[in-house]
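Here is the structure we will look at.
The values are calculated or read from the model by the stated rules, or taken from the named source; none is laboratory data. Since this is a predicted model, take the numbers as computed values, not measurements. Reconstructed Cβ throughout: ideal geometry from the backbone, glycine too, with neighbour counts over all protein chains shown. The protein model used for the area step is the full one, side chains on, heavy atoms only, and it has no ligands, DNA or RNA in it. Shrake-Rupley method; radii C 1.70, N 1.55, O 1.52, S 1.80 Å.
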Amino acid sequence: MRGRTAHLAWYRTDEAAPEVAFLHGFSDSGQCWEPLIRAMPGIRALAIDARGHGESGLPEEPIRYAAHRDDAALVLSSQPRDGGMVVVGHSMGAMSAAHLAASRPDLVRAVVLEDPPTGAPSAGQQDEPWSVPRWLADLRALDLPSRIARGRSEDPDWPDDELEPWAVSKAQVDPHLFDLPFREAGPLTDLLAAIACPVLLIHGDTDRGSLISTEYAVRCARAAAGEFRAVHIASAGHSVHRDNRRQYIAELSRLLDRYR
């Protein structure tokens, strides 16, 4: 089922209260989580379109992780679950999930961070102009079949059912997003020091595009205030859940068995 909360669109597996919330990465959409969710029968899931992505609206204000955090909190608060939900985020969504877990422990019982950005030094955070990345502009210039073909060519190991939602999402990004000022996140390690719930950090290989190295994962473990586990999935890049769905599901299921 699909619905809206204020400017935010979301997808839910059924009418039962969700137990897991998914936050997608930049230029993806909530629909991009559907192949993974379908591969996990019985999971009661909620996937949210971030502002300016998918079918969500775009408030006229700077793009900051605090805004993504508050958007997620708004949706989760409208569909409450005692003890909170497990929140899973990829890339931009992972950083949003970390902000949410740090500031709203009532909504998050455990958090999964799939290859989040490491963040910028706090002293360097300020609103900056930005523009459409060239790779995204190139994809948006193609029709849907051509975008799917590009994805299949560049990521031949992805499951076939990942390609269409990934390709559709690129055309759904609101171009006005790039007219609004953007602020980088602060250091991920600072957020981990403020998160009390269990954290699972999943990352791939940096030579395949992963943002998190094994060395940085060790720094994260040292910074974490609560229970923390890092998992390196070899031969995966930035989109770990697409690059190695089988192992990703195994790690996610292990956490869900304990905390959902």
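Look at the Cα gyration tensor of the stretch 115-165: its axes a ≥ b ≥ c give a/c of at least 1.5 with a/b at or below b/c, and that counts as oblate. Placing pseudo-labels 7 Å out from each Cα toward the beta carbon at ASP257 and ASP82 gives an inter-label distance of 2.5 nm. Computed with a 1.4 Å probe over protein heavy atoms only, the accessible area of THR13 comes to about 40 Å². For the stretch 185-238, the direction-averaged projected area of the alpha-carbon convex hull comes to 3.5 nm².
A 1.4 Å probe run over the protein chains yields, for the stretch 5-137, 35 Å² of accessible area per residue, whole-number rounding.
When you filter the GluC sites (Glu not before Pro) in the stretch 1-98 for DSSP loop state and at most 13 other Cβ atoms inside 10 Å of their Cβ, you are left with GLU15, GLU60. Once backbone amide H atoms are built at 1.01 Å from N, LEU23 has VAL88, GLY89, HIS90 as its partners under 5 Å, excluding neighbours fewer than 5 places away on the same chain.
Here the stretch 37-88 was treated as a single set of alpha-carbon atoms; its pair distances binned every 10 Å from 0 give 20, 48, 28, 5 percent.
If you take the alpha carbon radius of gyration of the chain and divide it by 2.2 N^0.38 Å, what ratio comes out, to two decimals?
0.93
Farthest toward the positive end of the dipole of the chain, out of TYR259, GLY54, PRO145, is the Cα of TYR259, where the dipole comes from beta carbon charges about the Cα centre.
Comparing Cα centroids, the stretch 171-228 and the stretch 62-81 end up 17 angstrom apart. If a/c stays under 1.5 just call it rounded; otherwise compare a/b with b/c (prolate if a/b is bigger, oblate if not). Do that for the stretch 25-118, with a ≥ b ≥ c from the square roots of the Cα gyration tensor eigenvalues. Cα axes put the stretch 25-118 in the rounded bin. Taking only protein heavy atoms and a 1.4 Å probe, the accessible area of the stretch 116-260 is 49% carbon and sulfur.
Comparing ALA94, ALA234, ALA141 in a Gaussian network model of the chain, where Cα atoms under 10 Å apart are tied by springs, the biggest mean-square fluctuation is seen for ALA141. Just checking the listed ones, GLU128, GLU34, GLU162: in the Gaussian network model of the chain with Cα springs under 10 Å, the one fluctuating most is GLU128. Highest mobility in the GNM of the chain, judged by mean-square fluctuation with C-alpha springs under 10 Å and restricted to ALA120, ALA230, ALA194, is found for ALA120. Accessible area of TYR11 (1.4 Å probe, protein heavy atoms only, ligands and nucleic acids ignored): about 40 Å². What is the local net charge at PRO80, summed over the other residues whose Cβ is closer than 13 Å to its Cβ (Lys, Arg +1; Asp, Glu -1)? Around PRO80, the surrounding residues sum to 0. Shape index of the stretch 80-170: Rg/Rh, with Rg the Cα radius of gyration and Rh the Kirkwood radius from the inverse mean 1/r over Cα pairs, equals 1.08. Ellipticity at 222 nm from helices only: DSSP H runs of n ≥ 4 in the chain, each -39500 (n - 2.57), divided by the residue count, give -10500 deg cm²/dmol.
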